[in-house]
Each structure stands twice: as C-alpha cells, then as structure tokens.
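A short worksheet on the structure shown next.
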Amino acid sequence: MSDLHGEPSEHRKQRWIGTSAGSSRLPLIPSVSAARWLLLMVIVAAIYFFHGFIVPVLAALIIAFASDPLFEDLKRRVGNRRPLAAAIAILLILAFIIVPLVFAVSYVLREAESWIIWATQANRFGAPPPEWITTLPVVGEWIVGKWHDYLGKPGDIGQLIQAVSGENIGSIYRTALALGGKFFNLVLALLFMLIALFFIYKDGHKFAGQLDMIGERLFPERWQRISRVVPATISSTVTGMTLIAIGEGLVLGTAYWLAGVPNFITFGLITAVMALIPGGAPLTFTLISVYLIARGTPVHGLGLLAWGTFELFIVDKTLRPRLVGGPIKLPFLPTFFGLVGGVKTMGLVGLFVGPVLMALIVAIWREWVLEAASSEQAAEAARHADDDAEVVTPISAPPERPVTSGD
C-alpha cells in the first residue's frame, strides 16, 4: 500500500528523533542528543515554574541532614517504620516551631501593651524626655527640642498620629497589604517545607541510593569523597552556628547583667538570634554600649564594647572556622564569604547553603591541587629515572682473542 507520492506507508513511521521499526531512513536528530536536549528543556521549565519553592526544599534538606542522627534513633525506637518515624519527626519539628513562636508573640503583645499604656499616659499628661537622651553628645539637644515639640505637651501624640495617618493613609494601606502577602507566602513556604521534609524522611534513602548510582557513573573516582562533604558540612554548620549563637547569647547576656543593662535576658536572647546573621551580634552589643555611655555610665559601656569585641574576635578566628567548616575545615575568609553571600542571596536559608557551596568549592580545589601535585611528582620521578638510565651505561666485554693453531 502506497501513499499519494508512491512511497510505502511504513515510511510514514519516520520520526524526528528516531526511526520506527521497519524504517531504514536516518533520523534528522539522533535519539541520544534529542533525549539530552529534551531533559535539559524539562529541567529549565521546572526551574522556571517552581523556582519559588527552591528555598523551602533547600530548608527541608538542611533540616533533614542536620537531624539525620536523631531521626535514625527515632526510627529504631518505632521498629524501623519510616513513615511513622517521619510523621512523629514532623510533629516534633512543628511543635519546636510553634511553641517558641507563641512565646514570642505573647512577649511582643505584652511589650506592645506597655507601650500603649505609656503612650496613653503621655498623650494625656505629656511626657518629659528621658534623662539619658539629654546627655547624648552632639545630637542630644536637638532630640530634646523635637521631643518637646511633638511629645512634651498633652495631646501631642494624638495629633501626631492623626497627622501621620491622614497624610499617609494610602501608603499605610499598601504597606499593610504587602505585609499580609509576605506573611501568607511565609506560611505557604513553611507548609511546603514540612511536606517536603516528610517525604525526605520517608523516601530520602531511596533517592540517595539512586543519586549515588548516577554520581558513580559521572564521577567514578571522586563521587564518594565529594558527595560525603555535603551532609557532613551541613550538619556541622547547623550544629556549629547553633552552638555559637547560644554561647554568644549566654556570654554577652551575662556581660549585660554585669554592666547593669535593663531586661538583660531579653537582650541576651536578641543577641543569640542576631548572632546567626553575620554582623548581627556586634551591632547588638555596640548599640547597647552606646546606650550605656549615653545613660551616664561610660565605664560600663566601654567595658562592654571591649569585651564584646574581644569575644567576637576569638569566636570568629578560632571557633567559627572549626565548627562551621565541617570536614573541609574552611578558613576564615571562605567561611565569611559563604555566610554573607548566602544571607544576601537566600536569606536565613543562605546561612547554611553558603558555607556548603564554599566547602564544595574548596574540596574541588584541593582535589585539583592534589591531582596536580601527584602528576608533578610522577613526572619528576620519571625524569630522575631517565637521568639514572643515561648515567649508568653497560660495560662492554673485552674482545675475544683469535684462536690460533699453537693454542
């Protein structure tokens, strides 16, 4: 049976990316190349459509790597039932997130209530400027003047609120909508992270086995070393940064108490949270030191500033590179670049992704250096062997004496 052009109908089975059974024509695009390009296009499309969920998935991977020993112990306690262990782990993590959040919200509400009570009293009777503001150098007199203009007389706060809200009601409304949208996106990202974390706990070992199989095909000599760097670095980074944050909160909180800072426990907690961010802890104790100096206790303020600077220098030069670097033992500069670059690019998750990327870069660099050094040593050994072969020449045997009849 033929088509309109007189060609057999089986020739119409020809495909762009391959040849069907029974056809002898060559494909326009080889099947292997077409499959690779198709896979690349699928990956690009997946990144384009799901790039908003990359951060939650990375956060789930970080939590899974950091909590893997605890999860393995939990799995053994429930009889090696991974789905049950994954569900219990998610409930524990959810409680770990919700309970501190409830305490933080209740604390903020109590603080807001005290500020509202103060503002109400100040609006009714007026409020004199605090004494420590009057002692501020250079700007103290200007701040006191503005305080008397806007907050010193009864009814000033109400007039100020009315003027600000009346002139900027549109921007306030847009800001409220933007904050509501960001809060919704945060809740959605948290929910997606927990769902991804559940399936990582449940089926992560299968995916890890498949990834090892593919990695061994791609990098047969280096995959085992490089692939083990990622979980070890993530685990050490999470543990190290958590220990550093807790330690700085305790040490500087004790220093706040000795310096006479009011609410030193609250400021210690704030310092511990800010210690997770590069530059957060020095900013915190510097502002508190300035407050102590302005309050009229310069010795305490300067002492706190000196102690915080010394403690931060010790931590950044000794403890942080050892704890955050993991098995790679990152130096100070790559650790700092990883932390700052990660925070700038991905926010809080970047605190852990940045050092991991730097650890991979350093690990690959050391592999190349080691390979280059080994090649140089082999070439040097070969040159020495050639030189020795040229120096040692074979000794020729003496010429044989001709045999005569007299012999």
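Miscellaneous remarks
- Condition met for PHE125 (free of Cβ contacts under 8 Å to residues at least 60 places away in the same chain, open to solvent by 90 Å² or more (accessible area, probe 1.4 Å) and more than 32 Å from the chain's Cα centre (by Cα)): yes
- Only one of the listed residues (ARG82, ARG77) is over 23 Å from PHE184 (Cβ atoms), in contact (Cβ under 8 Å) with a residue 40 or more places away in the chain and of a type in the set (Lys, Arg). That residue is ARG82.
- Unique match (being within 41 Å of the chain's Cα centre (by Cα), open to solvent by 40 Å² or more (accessible area, probe 1.4 Å) and farther than 16 Å from GLY296 by Cα) among VAL108, VAL139: VAL108
- Residue that is farthest from ALA255 (Cα to Cα) [pool: residues in the range 291-318 that are free of Cβ contacts under 8 Å to residues at least 12 places away in the same chain and open to solvent by 80 Å² or more (accessible area, probe 1.4 Å)]: PHE313
- Failed item, numbered, when ALA66 is tested on (1) in contact with a Ser or Thr (Cβ under 6 Å, 6 or more places away or on another chain); (2) of a type in the set (Gly, Ala, Ser); (3) farther than 30 Å from ALA196 by Cα: (3)
- Looking across the range 178-204, just one residue is surrounded by fewer than 11 Cβ atoms within 10 Å (Cβ to Cβ) and either basic (Lys, Arg) or in contact (Cβ under 8 Å) with a residue 60 or more places away in the chain (or both), and that is LYS182.
- The range 272-288, subset in contact with a Leu (Cβ under 9 Å, 6 or more places away or on another chain) and not in a helix (DSSP H, G or I), residue nearest to LEU302 (Cα to Cα): ALA275
- Residue within the range 255-268 that is open to solvent by 10 Å² or more (accessible area, probe 1.4 Å), among the β-branched types (Val, Ile, Thr), over 17 Å from SER236 (Cα atoms) and at pLDDT 85 or above present: no
- Test: residue in the range 100-113 that is among the charged types (D, E, K, R), in contact with a helix residue (DSSP H, G or I) (Cβ under 8 Å, 6 or more places away or on another chain) and at negative phi: no
- Subset of the range 73-94 [within 27 Å of the chain's Cα centre (by Cα) and open to solvent by 70 Å² or more (accessible area, probe 1.4 Å)]: LEU91, LEU92
- Residue selection: VAL238 fails the criterion of being outside any helix (DSSP H, G or I) and either of a type in the set (A, V, I, L, M, F, W, C) or surrounded by 13 or more Cβ atoms within 10 Å (Cβ to Cβ) (or both).
Quick grid of which residues meet (1) within 22 Å of VAL290 (Cβ to Cβ); (2) not aliphatic (A, V, I, L, M):
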| site | (1), (2) |
| --- | --- |
| GLU113 | no, yes |
| ALA119 | no, no |
| ASN123 | no, yes |
| GLY126 | no, yes |
| TRP132 | yes, yes |
| VAL138 | yes, no |
| TRP142 | yes, yes |
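Rundown of residues vs (1) more than 30 Å from THR297 (Cα to Cα); (2) open to solvent by 60 Å² or more (accessible area, probe 1.4 Å), yes/no style:
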position	(1), (2)
ALA64	yes, no
PHE71	yes, no
ALA104	yes, no
GLU113	no, yes
ILE133	no, no
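- Looking at VAL324, VAL349, VAL340, just one residue is of a type in the set (A, V, I, L, M), at pLDDT 75 or above and out of contact with any Phe, Trp or Tyr (no Cβ under 7 Å at 6 or more places or on another chain), and that residue is VAL340.
The values are calculated or read from the model by the stated rules, or taken from the named source; none is laboratory data. Please read all numbers here as calculations on a predicted model, not as lab measurements. All Cβ positions, even for glycine, are placed from backbone atoms using ideal geometry, and neighbour counts span all protein chains on display. Areas reflect the complete protein model, heavy atoms only, side chains present, ligands, DNA and RNA absent. Shrake-Rupley method; radii C 1.70, N 1.55, O 1.52, S 1.80 Å.
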